[in-house]
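The structure appears right after this line, and notes come after that.
The values are calculated or read from the model by the stated rules, or taken from the named source; none is laboratory data. Since this is a predicted model, take the numbers as computed values, not measurements. Please note: Cβ atoms are built from the backbone with ideal geometry, for glycine as well, and neighbour counts cover all protein chains shown.
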Amino acid sequence: MSNFTMPNGILVELFDYFHPEILDTCEIQCQLNPALMRLEPNIPRGLYFTIVGTTYECLYFLCLIAMCQKKFMKIICYRILFIIGIFDMLGLVASSLLPGYLLLSGRSFCQSPILNMWIGSWAFPGWAAYTALSISLAINRIVDSTWPNKQEQLFGGLKIIWWTGIPASYGLILYLKLSPMLYHVPTASYYFGADPAKAQAPPLYPVNNMAAAVLVLMLNILMLRAMFRISHTALTNTQRVIMIQCLGISTTGMCGGWLYVAMQWIVMPQFMVTAANLLWQLANGSLAIFYILVNKSMRGEVMKLLGVSSCRRPTIYTTASDQKIPTLQSNPDMGSA
């Protein structure tokens, strides 16, 4: 038995209001497992998490600043991508930055409950909102590839609020009402409880992760199928870029989501737990990487922000060809999820 007691304060009381009985359960788990109060720092892993998270956050921040320009915001898919970027940056706090701090300091939920309650508990809700937004983006890409004349009718004007607002609200509701995930330093991963051996995942967790992963993958396959129909002879360079981005992001999201579901019920080897965390971080940060590596127009704007001049004028590309067109047209190499 340990002498752990939950701290007092407005933040604890407010959390207890939205999540009744959760803190009592966690307090009992901390009292029954004294090892949770005596953890050793993991400096190498903590540094890795911190560096990866900081790098992704900085790249994403530059991309979102560049994306705020009128020429990008007039394109419907960029409006969705901007909201996804916000949730990706919030997700990186839970997937990389908070774990980095806890690993470097060797502090569990039992030693640092408030950070875990308010930041760590965003882990699953943030992921759920991200996957729901990815579904909205995938549907938008299918419409743009198959019925481009319908895009404004379905996504234009205030309709975009529904496509982004519903996923965002879904994540917020989960954040306020669902049992929180708490970070466990020895395994460097999240569980629905202070003690992984006594953690109990809610039924919504596996349903959301598995259904969202399959749905996003299926929608991206449909989009790629539509692109093949556009180009009856061969794929253009831009279409190949889209294929790599879509399949890459879908695969990381699907594998990471399923591994994290399995971890809640099965004792997995540490290398698989590490793989699940790496895939989660990659899913949150991969769009920023794709923006820099394959999106010429976005890369040009980011270089401008960094004070690096370019002789070439940034252009945006069509879905069906690599032909340069005015920046108000649709851009497929934006990093579709």
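Here are a few things to note about the model shown:
- Candidate set from segment 254-313 (those that are of a type in the set (S, T, N, Q) and in a helix (DSSP H, G or I)); member that is modelled with the lowest pLDDT: 270
- Residue 87 aromatic (Phe, Trp, Tyr) and within 23 Å of residue 303 (Cβ to Cβ): no
- Any hit, segment 31-40, residues being under 26 Å from the mean Cα position of the chain (by Cα), closer than 22 Å to residue 180 by Cβ and either surrounded by 16 or more Cβ atoms within 10 Å (Cβ to Cβ) or of a type in the set (A, V, I, L, M, F, W, C) (or both): no
- Check on residue 175, touching a His at 6+ places or on another chain (Cβ under 8 Å) and either under 23 Å from residue 205 (Cβ atoms) or crowded, with 21+ Cβ neighbours inside 10 Å (or both): no
- Unique match (being in a helix (DSSP H, G or I), under 30 Å from residue 160 (Cβ atoms) and in contact (Cβ under 8 Å) with a residue 60 or more places away in the chain) among 86, 80: 80
- In summary, residue 180 fulfils each of the numbered conditions (1) closer than 24 Å to residue 24 by Cα; (2) surrounded by fewer than 23 Cβ atoms within 10 Å (Cβ to Cβ) with the single exception of condition (2).
- Taken as a whole, segment 232-253 holds no residue that is at pLDDT 80 or above and either within 24 Å of the chain's Cα centre (by Cα) or surrounded by 20 or more Cβ atoms within 10 Å (Cβ to Cβ) (or both).
- Residue within segment 134-141 that is exposed (fewer than 15 other Cβ atoms within 10 Å of the Cβ) and aliphatic (A, V, I, L, M) present: no
- So residue 133, is it over 27 Å from residue 95 (Cα atoms), modelled with pLDDT of 85 or more and hydrophobic (A, V, I, L, M, F, W, C): no
- Scan of segment 101-149 for residues that are polar (S, T, N, Q) and over 23 Å from the mean Cα position of the chain (by Cα), ordered by number: 105, 108, 111, 112, 145, 146, 149
- Any hit, segment 15-26, residues being in contact with a His (Cβ under 9 Å, 6 or more places away or on another chain), crowded, with 16+ Cβ neighbours inside 10 Å and within 26 Å of residue 177 (Cβ to Cβ): no
- Test: residue in segment 216-231 that is closer than 30 Å to residue 116 by Cα, part of a helix (DSSP H, G or I) and modelled with pLDDT of 65 or more: yes
- Every pair of residues 6+ apart whose Cβ atoms lie under 6 Å, when the first sits in segment 100-124 and is closer than 16 Å to residue 43 by Cβ while the second is charged (D, E, K, R): 103/45; 106/40
- Entry remark, segment 15-72: residues being of a type in the set (A, V, I, L, M), under 18 Å from residue 186 (Cβ atoms) and part of a helix (DSSP H, G or I) number 6 in total.
- Test: residue in segment 113-127 that is in contact with an Asp or Glu (Cβ under 7 Å, 6 or more places away or on another chain), part of a loop (DSSP other than H, G, I, E, B) and more than 30 Å from residue 143 (Cα to Cα): no
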